[in-house]
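The values are calculated or read from the model by the stated rules, or taken from the named source; none is laboratory data. Model, not experiment: these values are computed from the prediction. Virtual Cβ from ideal backbone geometry, glycine too; neighbours counted across all protein chains shown. When the accessible area is computed, the model is the full protein with side chains, heavy atoms only, and any ligands, DNA or RNA have been set aside. Shrake-Rupley method; radii C 1.70, N 1.55, O 1.52, S 1.80 Å.
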Amino acid sequence: MALRFFNTYSRELEEFGPSDPSTRPIKMYTCGPTIYSRAHIGNFRAYIFEDLLQRHLELRGYKIHRVMNITDVEDKTIRGAREAGVPLQKFTEQFKHAFFDDAQTLRIKPADEYPAATNQRYIDRMIELISALISKGLAYQADDKSVYFRINKFPDYGKLAHFDLTQLQSTGRVKHDEYDKEHIGDFALWKAWDEEDGNVKWASPWGPGRPGWHIECSAMSMALLGDQIDIHCGGVDNIFPHHEAEIAQSEGVTGKKFVRYWLHCAHLLVDGQKMAKSLGNFYTVPDVVAKGYTGRELRYALLRVHYRVPLNFTWQGMNEARESLMRIDEWLTRLREVAGMPHRGVRSPQRADPALQFENALDDDLNISAALGFLFESIRETNRALDQNDMDTVSANAWLSWWKRINSVLDVEAETDLAIPHEVAQLGDERENARRERNWKRSDELRERISALGWEVRDTKDGPKLTRGAKRA
Ligand SMILES: [Zn+2]
């Protein structure tokens, strides 16, 4: 099956291919965090979807050049710094570090570049873009000294979000306090400095001020990826006005199509409700870890639902993720045992290549549920063969290399070389002594104690082996 994705712009599944058939990298731009507080797990759902997308494209042989911006100046970061009584950069720095820590916990591949909006290089670029828009009549400076985009002059405005401008006036979603604008939907490109901004300001042809959020992404993506991006992602929240505005700004300047494929990730709900601090259902990555879950368990829980379907986060779901991963761990342990045995000669029956089914499912707009369905079906069948001693070393190794390939996309394997705690190792030794003395009762008791500590002892040809608790939650 050809690789295809649902393009928000056309609202259709479209076949994916590079615009240029040579092997140039796919240009991917993903809207990153606004670092005014710690990102929540809903934000990370989108970043994990983008990670899955990148990894699958890489599995399919594409090279990816991915840029993720860091929004370190906009209303919320300025307000936060003012309330904390610290300089903007000092305020945002902590959340930037927290973001990278959390991304690492969730095994999200780092982007190639993380441009920050406050970098003078990009501020200069934003000013250039705004000047170009003014000279084309697409932007104007209002009486309040701020510069706005003139949406009536850009006929495609509203095409990504699929609504027309008359709707915009009636929805009341745009605040009426900016009465200097020509149209209620005109958005700020440059915000004139006011006292609340403190010393957060840059010089510009329109007086001191700061960029609007939308122009930041246009400027940074164009500076790093050129006039046209292959794939632009974000959460559904970003569609309007943020991405709509990005299109207007970038295409307004270049006259070229800005993005070939727009992909958006659906919301994350918690216990069926929208996540909100006031509802007490607002979770960050450390909140989930503090409840005893690992980063890979959370990664799996956020990954396993198709990206265009709202994901309902529950603790039950976290436990299911844990159980699924245990099944994978246990399966790998068994396969590795057989794979390590010399000349185990029973020939297992050949079956249709599950690798193809897994990868074909992901080709179909990242159908992760189907892909995982194939994985667990394969695990069931292989376990059956293992139970019946019907698995030879060659087949076991083939399954392991298949796993290695699909895990380059999933990245959910348990940490290897996990240090065995001293207490567990000691119990393991005692148990081995009990076995040598043929004291089976004592041996079984010790196995139970090891299991209670979350470890499992398996007797192999090379002696007993301790593995991370496959049997216990
Ligand atoms: Zn953006």
Next on the checklist: Against the condition more than 30 Å from E58 (Cα to Cα), within 16 Å of the ligand (Cβ to nearest atom) and touching a helix residue (DSSP H, G or I) at 6+ places or on another chain (Cβ under 9 Å), how does Q249 come out, does it pass?
Outcome noted: yes
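Can you tell me which residue in the range 1-46 is farthest from L160 (Cα to Cα), limited to those that are in a loop (DSSP other than H, G, I, E, B) and within 13 Å of the chain's Cα centre (by Cα)? Even if it seems obvious, please write down each step before you answer.
Of the residues in the range 1-46, the ones in a loop (DSSP other than H, G, I, E, B) are 1-3, 8-11, 16-25, 31-33, 35-39.
Narrowing the set further to residues that are within 13 Å of the chain's Cα centre (by Cα) leaves 31-33, 39.
Values: C31: 16, G32: 20, P33: 22, A39: 26 Å.
Top of the filtered list is A39.
Specify which of the listed residues (V412, V457) is modelled with pLDDT of 95 or more and not in a helix (DSSP H, G or I). Steps first, please.
On the way: V457 fails: modelled with pLDDT of 95 or more.
One residue alone meets the criteria, V412.
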Checklist outcome for this item: F49 vs (1) modelled with pLDDT of 95 or more; (2) within 16 Å of the ligand (Cβ to nearest atom); (3) farther than 21 Å from R296 by Cβ; (4) not in a loop (DSSP other than H, G, I, E, B): all pass except (3)
Checklist entry - Out of the range 254-264, which residues are open to solvent by less than 30 Å² (accessible area, probe 1.4 Å) and either of a type outside the set (S, T, Y) or within 11 Å of the ligand (Cβ to nearest atom) (or both)? => result F258, V259, W262, L263, H264
Checklist entry - If you go through the range 212-235, how many residues are open to solvent by 30 Å² or more (accessible area, probe 1.4 Å), among the hydrophobic types (A, V, I, L, M, F, W, C) and not in a helix (DSSP H, G or I)? => result 0
Checklist entry - If you check every pair at least six apart or on different chains, which have Cβ atoms under 6 Å apart with a residue in the range 126-145 that is under 15 Å from A223 (Cβ atoms) first and a residue that is hydroxyl-bearing (S, T, Y) second? => result I127/S204
Checklist entry - If you check every pair at least six apart or on different chains, which have Cβ atoms under 8 Å apart with a residue in the range 237-248 that is without any contact (Cβ under 8 Å) to a residue 40 or more places away in the chain first and a residue that is part of a helix (DSSP H, G or I) and within 11 Å of the ligand (Cβ to nearest atom) second? => result E246/H214; E246/C217; E246/S218; E246/S221
Item to check | Residues satisfying the stated conditions in the range 63-94, i.e. under 24 Å from Y300 (Cα atoms) and away from the ligand (no atom under 16 Å from the Cβ) | outcome: I64
Checklist entry - G234 passes all but one of (1) closer than 21 Å to L138 by Cα; (2) within 16 Å of the ligand (Cβ to nearest atom); which number fails? => result (1)
Checklist entry - How many residues are under 25 Å from R4 (Cα atoms), open to solvent by less than 50 Å² (accessible area, probe 1.4 Å) and away from the ligand (no atom under 16 Å from the Cβ) when one looks only at the range 265-293? => result 2
Checklist entry - Which condition does F149 not pass, out of (1) more than 13 Å from the ligand (Cβ to nearest atom); (2) at pLDDT 95 or above; (3) open to solvent by 20 Å² or more (accessible area, probe 1.4 Å), if it passes all the others? => result (3)
Checklist entry - Can you spot a residue in the range 382-394 that is over 14 Å from R334 (Cα atoms), among the charged types (D, E, K, R), touching a residue at least 24 places away in the same chain (Cβ under 8 Å) and open to solvent by less than 70 Å² (accessible area, probe 1.4 Å)? => result no
